[in-house]
1. Taking region 160-193 as the region of interest, how many residues are part of a helix (DSSP H, G or I) and in contact with a helix residue (DSSP H, G or I) (Cβ under 8 Å, 6 or more places away or on another chain)?
2. Within 14 Å of ligand 1 (Cβ to nearest atom) and surrounded by 13 or more Cβ atoms within 10 Å (Cβ to Cβ), is that true of ARG85?
3. Restricting to strands (runs of 3 or more DSSP E) lying wholly in region 1-75: which have 3 or more residues that are touching a Pro at 6+ places or on another chain (Cβ under 7 Å) and crowded, with 16+ Cβ neighbours inside 10 Å?
4. Counting only residues that are under 30 Å from GLY64 (Cβ atoms) and in a helix (DSSP H, G or I), which one in region 194-231 is modelled with the lowest pLDDT?
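The values are calculated or read from the model by the stated rules, or taken from the named source; none is laboratory data. Keep in mind it's a predicted model, so treat the numbers as computed, not measured. A quick note on method: Cβ atoms are made from the backbone with ideal geometry, for glycine too, and the neighbour counts reach across all protein chains shown.
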Amino acid sequence: MTTPLVRAQALYRTYRVGSHEIRALQGVDLEVEKGSFVLIRGRSGSGKTTLLNCLGALDVPTGGRIWVGGREITDLSERERTLFRRFQVGFVFQSFALLPTLSAAENVEVMLRLAGVGAGERRARVQECLEMVGLSEHARHRPYELSGGQQQRVAIARALALNPPLILADEPTGELDSASAAEIWRLLRHLVDEQGRTVILASHDPAALAYVDEVYELVDGRLLRPEKSFRQSRDT
Ligand code: ADP
Ligand code: MG
């Protein structure tokens, strides 16, 4: 039995809005094996984004503990959390979150600049990452010159720039048509199969089901048992 890449134990996240309490996570336990593709589904407001944000150290749970790669992230300092997010996690959001005035290549390069990677290595890595998402030919295009699906692939290239083992994708196809969405699912699947990355996806698109190894359902901040596991059949 290998150690899971991600382990969450009894996660709670309560938001306080005035005198009102919103319990977004109510005791979530989760283990995700390295090299697996896990789907968290659930209706809007069920806590998917909150869970992903906690796993990626964008947010701090009110209670419970999280380990990533065997290291606890729920007791890191602010600076350690920043480094953790930068090097251990690639984030992919529904809205792509690309910088509109920068080219595809420059959007990917931003991550490398932040990490202090030198110019030569940056150039090579940007090319590599754009190639991984099938956009080598679009390096100089700005976001407005790209389709939604292409923009999301740039965002995935950016997420891969610093070679993180874990990808967290929050409704990455929410703004895409079904053909572009299918390309994103195939690409994420490829990153798992060919590069051994671990992908945790939040989505309510039923089309994603065919591409993932495990499916969990969040209902009012509670995670229900896996509905499906075809990891074994895939391996044999
Ligand atoms: P999902 O991604 O599944 O739609 P969210 O994690 O965004 O769910 O939200 C879960 C619950 O927490 C919802 O009731 C939402 O309104 C609430 N919530 C999320 N973020 C905040 C916040 N920053 N402040 C207050 N309530 C929040
Ligand atoms: Mg959400």
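1. Step one: of region 160-193, the residues part of a helix (DSSP H, G or I) are 160, 178-193.
With in contact with a helix residue (DSSP H, G or I) (Cβ under 8 Å, 6 or more places away or on another chain) added as a condition, the list becomes 160, 178-189, 191.
Of the residues in that region, 14 qualify.
2. No; evaluated as a whole, the condition is false for this residue.
3. Where strands (runs of 3 or more DSSP E) fall fully within region 1-75 and carry at least 3 residues being touching a Pro at 6+ places or on another chain (Cβ under 7 Å) and crowded, with 16+ Cβ neighbours inside 10 Å, they are 6-17.
4. It comes out as ARG231.
Residue by residue, here is whether (1) under 24 Å from ARG81 (Cβ atoms); (2) more than 8 Å from ligand 1 (Cβ to nearest atom); (3) touching a Phe, Trp or Tyr at 6+ places or on another chain (Cβ under 8 Å) holds:
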| residue | (1), (2), (3) |
| --- | --- |
| VAL6 | yes, yes, yes |
| ILE22 | yes, no, yes |
| LEU39 | no, yes, yes |
| SER46 | no, no, no |
| GLY63 | yes, yes, yes |
| VAL68 | yes, yes, yes |
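Listed here are the residues, each with its yes/no results for (1) under 20 Å from GLU217 (Cβ atoms); (2) under 18 Å from the mean Cα position of the chain (by Cα); (3) away from ligand 2 (no atom under 16 Å from the Cβ).
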{"site": "VAL6", "(1), (2), (3)": "yes, yes, yes"}
{"site": "GLU33", "(1), (2), (3)": "yes, yes, yes"}
{"site": "LYS48", "(1), (2), (3)": "yes, yes, no"}
{"site": "VAL60", "(1), (2), (3)": "no, yes, yes"}
{"site": "LEU76", "(1), (2), (3)": "no, no, yes"}
{"site": "THR82", "(1), (2), (3)": "no, yes, yes"}
{"site": "GLN88", "(1), (2), (3)": "no, yes, yes"}
{"site": "VAL92", "(1), (2), (3)": "no, yes, no"}
{"site": "LEU99", "(1), (2), (3)": "no, no, yes"}
